[in-house]
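A short worksheet on the structure shown next.
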Amino acid sequence: MAATIGLYVVSALDSPVLNADRRHEQQRLLQERAAAAHDEADERALAEAYWTRYPDVAKSDAFGRGGQLGVYGAREHYQRYGRTEGRKWGLE
């Protein structure tokens, strides 16, 4: 019984509710997740613009919609090939 209470106290002291460092770490992680979700939404919009502009890329098994690289395929294609081919990146 004492071990159970001791474990509970130790766990409680390390929780974000009572431990300011843990609370700040949890808040930082939540902010990073929110930023990543926003970044992915931005990346998806850029990819859709690129795929719409270049249907040949959109059909690619590697770089296209549903391709192996997912939403990052469009950017990867642009960086590997599109830039030197004179293709445009970005929303217009």
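Every read-out reported here was derived from the displayed coordinates using simple, explicitly stated rules and does not represent laboratory data. In this text, all values refer to a predicted model and were calculated from it rather than measured experimentally. With ideal geometry, Cβ positions are generated from the backbone for all residues, glycine too; neighbour counts draw on all protein chains shown.
The table that follows gives values for the structure above.
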quantity	calculated
Matching residues in the stretch 25-78 - criterion: being among the aliphatic types (A, V, I, L, M) and under 18 Å from Gly90 (Cβ atoms)	Ala41, Ala45, Leu46, Ala47, Ala49, Val57, Ala58, Val71, Ala74
Residues within the stretch 49-92 that are in a helix (DSSP H, G or I) and either touching a residue at least 24 places away in the same chain (Cβ under 8 Å) or among the aliphatic types (A, V, I, L, M) (or both), tallied	13
Odd one out for Arg33, checked against (1) part of a helix (DSSP H, G or I); (2) in contact with a helix residue (DSSP H, G or I) (Cβ under 6 Å, 6 or more places away or on another chain)	(2)
Residue list for the stretch 66-91, filter: over 12 Å from Glu43 (Cα atoms) and surrounded by fewer than 17 Cβ atoms within 10 Å (Cβ to Cβ)	Gly66, Gln68, Leu69, Gln79, Arg80, Tyr81, Arg83, Thr84, Glu85, Gly86, Arg87, Lys88
